[in-house]
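Heads up, the thing below is written out as structure tokens.
The values are calculated or read from the model by the stated rules, or taken from the named source; none is laboratory data. Fair warning: this is a prediction, and the values are worked out from it, not measured in the lab. With ideal geometry, Cβ positions are generated from the backbone for all residues, glycine too; neighbour counts draw on all protein chains shown.
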Amino acid sequence: MSTVETANEIRPFQVDIPDEALGRGQLAQPRAAGPRTALSVRLAARRSAVQAAGDAQRRLHALVVAAPEILRERLRGRSTRQLAAGL
């Protein structure tokens, strides 16, 4: 929370909320079902899977880079799939 410092006190910023927002009995709700929500969930799952695959590749290559020279020689020139299958 942001604060305002004056000579004698520190107090939080005050936020003006429109009266119409405070007077509503129900807040806006996203659509709960349907193809749009299904697509959103699917895209989120795909994004997560792609990120996890990239993280795994980076970790695998970091292991190869940090490996002793003898092991690095054996692994040099292999594709990511070959490294994953071989380790």
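Restricting to the range 55-86, count the residues that are among the aliphatic types (A, V, I, L, M) and exposed (fewer than 10 other Cβ atoms within 10 Å of the Cβ). Can you show your working first?
Here is the first cut: in the range 55-86, the residues among the aliphatic types (A, V, I, L, M) are 56, 60, 62-67, 70-71, 75, 83-85.
Remaining after also requiring exposed (fewer than 10 other Cβ atoms within 10 Å of the Cβ): 65-66, 70, 85.
Of the residues in that region, 4 qualify.
Report every pair of residues separated by at least 6 positions or lying on different chains whose Cβ atoms are under 7 Å apart, first residue within the range 47-73 and in a helix (DSSP H, G or I), second surrounded by 11 or more Cβ atoms within 10 Å (Cβ to Cβ) and not aliphatic (A, V, I, L, M).
Gln57/Thr80; Leu60/Thr80; Val64/Arg72
Rundown of residues vs (1) touching a strand residue (DSSP E or B) at 6+ places or on another chain (Cβ under 8 Å); (2) modelled with pLDDT under 65; (3) not small (Gly, Ala, Ser), yes/no style:
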site	(1), (2), (3)
Ala7	no, yes, no
Phe13	yes, yes, yes
Asp19	no, yes, yes
Leu27	no, yes, yes
Arg31	no, yes, yes
Leu43	no, no, yes
Arg47	no, no, yes
Ala56	no, no, no
